[in-house]
Each structure stands twice: as C-alpha cells, then as structure tokens.
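The values are calculated or read from the model by the stated rules, or taken from the named source; none is laboratory data. Please read these numbers as outputs of a predicted model, since none were measured by experiment. Because the Cβ atoms are built from the backbone with ideal geometry, glycine has one as well, and the counts that use them run over all protein chains shown. These accessible areas exclude ligands, DNA and RNA; they are computed on the full protein's heavy atoms, side chains included. Shrake-Rupley method; radii C 1.70, N 1.55, O 1.52, S 1.80 Å.
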Amino acid sequence: MRIIVVWTPGFAQPSRHRFLAIPVNPPRDSLMCTHRVPVLVGWLFLGVFPILVPHVDAADRPNVILVMADDQGWGDTGYNGHPHLKTPHLDRLASDGLVFRRWYAGAPVCSPTRGSCLTGRHPYRYGIVTANRGHLPRRERTLAELLSTQGYRTGHFGKWHVGTLTTEIQDSNRGGPRGKKHFSPPWKNGFQVCFSTEAKVPTWDPLL
C-alpha cells in the first residue's frame, strides 16, 4: 500500500507554509517533486496522478490524505526548531518524507487557503478571498471530484469553511436561511462521506 500525506498550516504567513508529501514503500523520486515545486502545482499533480496512470490497479494506487491545521504557524513544530511544542508525528512525517520550503499558500487566512488546496485555483478565481465570505462554486472541480472519477472513496472530516452546510437550521457563522446562497457542503463538491462543521469545532455548543 502506498500513502501520500500532505500537511500544511491552514492559517499563517503565506510565505512560511510547508508542504509535505510522504510516500510509504515506493522510492522517494516516485512523487516527481522537488523543493522548488509550488504547492498548487504539487497538489494538482496529486489530482491528475490517477488520471495519468489509469492502467494501475486500484489496490496499487496511493491513498491521498490532506491534513490542514488552523492557527498553526510554520515555526510551531518540533522539526522547525520550536523550543517547547512537541509534535512527534509531524516530525516523523518530515523525517520520512519531503519538506518543501518554498511553498506559498493562496492567502493568509483559512477559507481561501482551503479552497486553493481543493481546486488548485487562486482565491480570486473561484471567489473566496477571505474567511466567512463566498462559497465554493459548482463550476470548480475539486480534488475529491477528480479522484472519485478514478474509483477513489473520498471523505471530509472537520472544518469545511468554504460554504454553508444547511439552508434551514441556523448553524455556525452563516448557515441557515440567512446564508442560502452560500450553500456548498462537502457532499456537493465530491466528498462521498463527511463529518464536518461549517467553520469551527467547539466542544459542546456549535453556535458558540
């Protein structure tokens, strides 16, 4: 089994982000990536990879996992030398995989960055230029939609923040009747399974 894991802070200084691609078992050059590849080019490669090799059996194709952390700066990890924070799992990913040090996010806040990673587009192209505004339009093709056409099972878990999740019940920052025009949940964007919140993951009251 092969696994590609991508981890990035979702909300920090754009020029300081990191992109990690970690293959398990295949040779390191199988990702065809170097430290000079911008994030959108690298992420689009992950999206077109199964299309470029349609003859590969499903069991031999890599699993693709994107992990995005809000409010985590580039220096808030052990492998980047933080004197107090302990991040052993991220340190292991960095040790076993590739660390891209010239990676530029689409924006310095969460929503535009998330949309850029999902679509490979600039925020001004698809219409989410800051947090809590706009939504992922149906004309855009997401990574999940591309992978679904090649037999992948797709899922989203956690914070969505590129559209509302309900048109009837008040939810989070914009969900409900007041935000009907921004209804664009994961299941409308290629994710077959989801356990998602619109904008945040509180411990007990989702309207806080």
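In segment 151-172, which residues are β-branched (Val, Ile, Thr) and either closer than 12 Å to Gln192 by Cβ or outside any loop (DSSP other than H, G, I, E, B) (or both)?
Passing the criteria: Thr154, Thr164.
Can Ser172 be described as open to solvent by less than 20 Å² (accessible area, probe 1.4 Å), at positive phi and of a type outside the set (A, V, I, L, M, F, W, C)?
It is true that Ser172 is open to solvent by less than 20 Å² (accessible area, probe 1.4 Å), at positive phi and of a type outside the set (A, V, I, L, M, F, W, C).
With the condition kept exactly as written, say whether any residue in segment 92-111 is over 15 Å from the mean Cα position of the chain (by Cα) and at pLDDT 90 or above.
yes
Taking segment 137-169 as the region of interest, how many residues are basic (Lys, Arg) and surrounded by fewer than 14 Cβ atoms within 10 Å (Cβ to Cβ)?
3
Would you pick out the residues in segment 114-136 that are outside any helix (DSSP H, G or I) and either among the hydrophobic types (A, V, I, L, M, F, W, C) or surrounded by fewer than 16 Cβ atoms within 10 Å (Cβ to Cβ) (or both)?
Answer for segment 114-136, where residues must be outside any helix (DSSP H, G or I) and either among the hydrophobic types (A, V, I, L, M, F, W, C) or surrounded by fewer than 16 Cβ atoms within 10 Å (Cβ to Cβ) (or both): His122, Ile128, Val129, Thr130, Ala131, Arg133, Leu136.
Residue by residue through segment 57-91, note down the ones that are open to solvent by 50 Å² or more (accessible area, probe 1.4 Å), within 21 Å of Phe157 (Cβ to Cβ) and within 17 Å of the chain's Cα centre (by Cα).
Those that are open to solvent by 50 Å² or more (accessible area, probe 1.4 Å), within 21 Å of Phe157 (Cβ to Cβ) and within 17 Å of the chain's Cα centre (by Cα): Asn63, Ile65, Leu66, Val67, Asp71.
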